[in-house]
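Each remark here refers to the structure printed beneath this line.
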Amino acid sequence: MSLDQTRDHVEEMAFSASPADGPYGQMCFLEVPVSDPARAAAFYTAVLGWECADAGMPSPTPGIKTVHFFNKGDLHGGFLAMEDGNHVTTGNDAARPARMAVLPTFCVRDIEATVVEVERLGGRVHVSKTEIGGGMGFFCRIIDCEGNMVGIWAQE
């Protein structure tokens with residue numbers, strides 16, 4: 001996926017919604033702070049099948065060096081290559097497991113197989129596979145290779 005293809009698709013999505021059927025209230029873009037965009041791209045490509053742009057673009061936002069776009073289906077986002085000292089990952093302290101930040105959760109086919117891939121790529125489990133109850137499936141929380149907490153969910 002090229003940077004231009006990603007930019008065109010995001011612009012198309014932004015201008016195609018009408019007030020009656022628009023995506024209001026849905027996630028429209030996900031920003032993931034990272035210190036190593038190539039490592040993060042390899043991690044999320046292997047774990048979740050994301051398509052990642054080959055190159056980043058300079059960021060107009062202070063504290064962020066570059067933005068490296070990714071997508072998977074209707075999900076679009078960017079890895080934000082943070083300047084030193086600006087990558088904050090406070091919601092994943094094992095000594096304080098109840099501490100939370102905004103948590104994106106992604107659907108996977110198989111939590112156990114996904115966890116194997118996460119650990120192989122330098123991530124770790126923060127909350128093991130847990131049944132939600134009421135037939136609503138299972139979740140797990142992982143720490144990615146950049147220190148960000150991410151949820152994964154599967155029906156089984």
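The values are calculated or read from the model by the stated rules, or taken from the named source; none is laboratory data. In this text the structure is predicted, and so the values were computed from the model without any measurement. Note that we place each Cβ from the backbone using ideal geometry, even for glycine, and neighbour counts take in every protein chain shown.
List of remarks:
- Filtered residue count, region 27-80, keeping only those that are within 15 Å of Glu146 (Cα to Cα), aliphatic (A, V, I, L, M) and touching a helix residue (DSSP H, G or I) at 6+ places or on another chain (Cβ under 7 Å): 4
- Looking at region 20-84, the strands (runs of 3 or more DSSP E) lying wholly inside it that each contain 1 or more residues that are of a type in the set (Gly, Ala, Ser) sit at 75-82.
- When each of Arg109, Arg99 is tested for being modelled with pLDDT under 90 and either closer than 23 Å to Asp36 by Cα or not hydroxyl-bearing (Ser, Thr, Tyr) (or both), the lone residue that passes is Arg99.
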